Every structure is written in structure tokens, then in C-alpha cells.
1. List the residues whose amide H sits under 5 Å from the amide H of residue A:98, counting only those 5 or more places along or on another chain, with H placed 1.01 Å from N in the peptide plane.
2. For chain B, give the magnitude of the charge dipole about the Cα centre (Cβ charges: +1 Lys/Arg, -1 Asp/Glu; no others), in debye to the nearest 20.
3. For the residue pair residue B:49 and residue A:169, what label-to-label distance in nm results when each label sits 7 Å from Cα along the Cα-to-beta-carbon direction?
4. With +1 on the Cβ of every Lys and Arg and -1 on the Cβ of every Asp and Glu, and nothing else charged, how large is the dipole of segment A:50-122 about its Cα centre, in debye rounded to the nearest 20?
5. For residue B:58, what charge total do you get from the other residues with a beta carbon under 11 Å from its beta carbon, if Lys and Arg give +1 and Asp and Glu give -1?
6. From the label point of residue A:231, set 7 Å from Cα along Cα→Cβ, how far away are the matching label points in the other copies, in nm, ordered shortest to longest?
7. Put the label 7 Å from Cα along Cα→Cβ for residue B:153; what are its distances to the other copies, in nanometres, shortest first?
8. Charges on Cβ only, +1 for Lys and Arg, -1 for Asp and Glu, centred on the Cα centroid of segment B:154-230; of B:228, B:177, B:211, which one is farthest towards the dipole's positive end?
There are 2 protein chains.
Amino acid sequence: MFRSFGGDGFPVVRRSRLTGQPAARSGHLDLLVALEGIGVRRAVARDAEIYGEGSPCGGWYKVISGTVRICKLMADGRRHIAEFCFAGDSFGLDIGGEHLFSAEAVSDAIVMRFPLHATRQLIDKNQHIARGLCELTLRGHAHAQTRMLLLGRMTAIERVASFLLELAERRDATRVLDLPMARLDIADYLGLTIETVCRVLSGFKRHGVIAIPSAHRIELLDRDALAAACDA
Amino acid sequence: MFRSFGGDGFPVVRRSRLTGQPAARSGHLDLLVALEGIGVRRAVARDAEIYGEGSPCGGWYKVISGTVRICKLMADGRRHIAEFCFAGDSFGLDIGGEHLFSAEAVSDAIVMRFPLHATRQLIDKNQHIARGLCELTLRGHAHAQTRMLLLGRMTAIERVASFLLELAERRDATRVLDLPMARLDIADYLGLTIETVCRVLSGFKRHGVIAIPSAHRIELLDRDALAAACDA
DNA sequence: CGCCAGTTTGACCAAGATCAACGCAAGTGG
DNA sequence: CCACTTGCGTTGATCTTGGTCAAACTGGCG
């Protein structure tokens, strides 16, 4: 996932890691406005597809509201979710002219679509935007590598604990965490089955680490225990 | 992994996907020469570290010869290999000022190091280099996503079959495939144990899908069977 | 109220991990 | 030149984690 590129906050490109130069300078704000200008708003209903695997990649997206999942289906129906994108996250900038994964709305969502040709023109005008895009991709790559470690080497308990903490951090939740996605989505994100996710959550509840007031709401009662479970 | 950026071949930036423009034009070759100019050659012995996890990221690298692994160690010793880099592949361009993974030589290797500050100057002179770097990262991200699917949802047999085919493709091997890495490296790359890797390889051998003339050499006798095993 | 989709729990099963030998080829030193 | 060591690789026996199958539960909604 690419977090917070463009729009409100714009924390990612505030400083370019590659150049070490602060990116905020004259002309920068204009670009933001320009970016907003070329974006096309689009509402997506729950479970509706934003783009399909293999479809031509003619633009990239940013989540305005709601949650989006980036996923892939195997021939026999096994599914894998590469990432969840929340408000402010960008996605869909794939290489090779077509999307490698499909994007679907987890809940009713609004996304902004930035056509590639218009983005190109912006890039030609000012390379800050190119740096931002590059940084975004780099960030996504770092996230993917961390997730590879999780999928390749972590136990079910560690995966679920990591997931809860990641989600809490990304959604700035201190205690109460609401999950926009279903258990099956979590399972497919963590490389587990829905039953295992349930069991681990129930286990955490039994040990007083979390509370589950409703299926899509989790209270983090003992964050330290979760953190300990991550690299046990 | 970032394949073939800069130097001989330079296939990746031959056409920029983002802009759709052919990147080869006047001044391009100069940049290649310039890139070679800022690179510092370094020989690395087998199993020696090129940079460590958490060390400051002051440059990126390209493999000249040999093989490099990008890996991470968990607190309790579990290891994960994010990628293998062969001659021509680039690596080490991490975000956030420090390396998230460590890089080690699988076999005796020679790498070229490109300091970040010098790269910046090149970028300022011509943005083709920025595009190339960006494309490289995008490519790495695509690879990482594919690997997430493998680690999250594939069986041991599918993983090993995918590995053999990936390796064959990347090393342009038609039949005979030599593995520079040890079984343990393969296991840590595929999220398996060394015993499972051995057993699966032995199984393939028993069914006549491959031959194993020596531990580090594998002959692909039935490529179709391997391909079928990938998405069985 | 009853249905339905999603969630939870339990009983059982299997893929792959762990533990333990054994094989084998490349050094190493006498 | 040959015992001996050492580091991988391979194979077998057993165990554990998480998957599979099945049933019960829960909350929302017509």
C-alpha cells in the first residue's frame, strides 16, 4: 500500500528520502492542486470491483473514504489479499501496462482515479511529483517485504497480533479498533483460514489481551502482550 | 529484486512504462557512462555481509558477478530471504535512511556500489535516471507481491516448482540449472524447512520431473509438469 | 418470527516441522 | 595415500500447527 500521497497531510513527500531535500517549496502546493484537478472521483459499492486482475493499467488511485482490498485469485479459488488501503492510501500503480492484482471495495468507498497520461504531464512539469510517486512505490515495497516475513516465517498467533497492531497504528487507534473487513478478508490477508483467525482472536480474548464487543470491533486491552506475541 | 538497471543490456529502462516514451535518446548513453563513473567496485567473500539490517542506507548496489541474498533474522533465529540477486540485478535502495534487511554474498561476488549523493546529482541532471530507479522499485514491488501469494497460499510442492521455474527463467537456463545457493537458503526463501525442500526435490526426481546430478545442479526434465505443479 | 450471512466452536485430519540418523564429498593432517 | 573431520544433503519416525469438515450461534433484516 502507498500511504498518504497527495491531498490532505501529504506527509510522505514532505521530505524526499532520496534527495534528503525538503520537498515543500514554491510550486509544490500548485502541484497538489493540479493533482486534485486531474483526479476523477468514483464511488464504489461494497464488494464491487475497481479494476480486475489483468485489466489495462491506465491510472492509479487514492482512497478518499472506505476501505479497498488488493487481491488475487488462484485457479482453484484460493485467494490472497496483498494489502488493505484506507483513506489517504494510494494503490494501483502497476508495472507492465496491466494490473497484476484486482482491487475491490471492502466497504462502500470513494476513490479518486488519476489517469496515467495526465500524471505524466505533471511529472514533466515538475519532478517533485515523480519523486513522490517513487517514494510511494519504495514505501509499498518495504511494506511488502515486511509482509513476506510474516507470511513466510510467523505463526498464526504472531500474524494476528501483528495484524491488530498494524491496523491500530495505521488507523491511529489507541484502544478501540474497528475492522472494516470480514474475517475471511483477514484470513486471506494473513495466509490463514477463517477458522484459525477466529480461534486466535478467541484465544486473545480468553487471555484478556483483547475484548470483542462486536464482530467488527476490537478493544486492545493489553498492547504489550500483543507486541510480545509478535516476536515471541 | 531489481533486474538489470544500468550497465550492459539496460533492458528495464529501455522503455519507461510510466511515460510510455522510449528512454533511449541523446544523452542517455552519457548517463550510463556517468552511472558507471560513480559506482565503486567491491568484492565480497562467500557469506560476508554487504550491509547489515538497520545500517544507514547511503547507497544502492548492483551485482556484477556472483549471487547476493537479501535477508532478515528474527529475534529467535528464524530467517527469511526476501530475494536473491544475480548479475545485473540491483538492490539496497531502501526507504527511511536505513536498510530494512541485510545483504550477504551467497557465493563470492562482486558488486558495484552507487552512493546516494552522487545518484542525486545524476537525477538532477536528467530525470531518465529517476524514472529508471522508479521503474526498478515498481518491478521489485511486483515481484514481492507475487512472492506474497507464494508464501501465503501455496503448498510446499508448488513453492519449490515455482522456485525452479523462476530461477530457470531468470538465469536463462533451458535445461540445466545450477543453484548457487544452499538448501537452507532455498528453504528460507520459500518459507519452508530444509528437510521439506529436500523431500520435495527428491519427489520430483522420483517422478522423473527433474534430475539432480549434484546437489547444486538440477536438470529440468519435464518443465510442463513443474508448471502444472505451480497452480495445481 | 424466521431467514441468512457471517462468526464461533469442536472434532478430526494432514501438511509440513521437528528430531534423529545416516550418507557423502571436500578438506585436513598424519 | 589414507584415516578423520566437517559441513551439507538426504531420509525416516514422530509430533504439532493449522486446515478441513461440520454444527451451533448471533445479529440484522424482511
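1. A:57
2. Values: 30 positive and 27 negative charges, 73 e Å.
In total the dipole reaches around 360 debye.
3. 2.2
4. Working: 7 positive and 8 negative charges, 20 e Å.
Here the size comes out at about 100 debye.
5. Numbers: positive: B:113; negative: B:94, B:98.
It works out to a net charge of -1.
6. Those label-point separations list as 3.8 nm.
7. Computed spacing set for this position: 2.4 nm.
8. It is B:211, whose Cα lies furthest towards the positive end.
The numbers here are math on the coordinates, done by the rules we state, and not lab data. As the structure is a computational prediction, the values presented were derived from the model and not from experiment. So basically every Cβ, Gly included, is an ideal-geometry build from the backbone, and we count neighbours across all protein chains shown.
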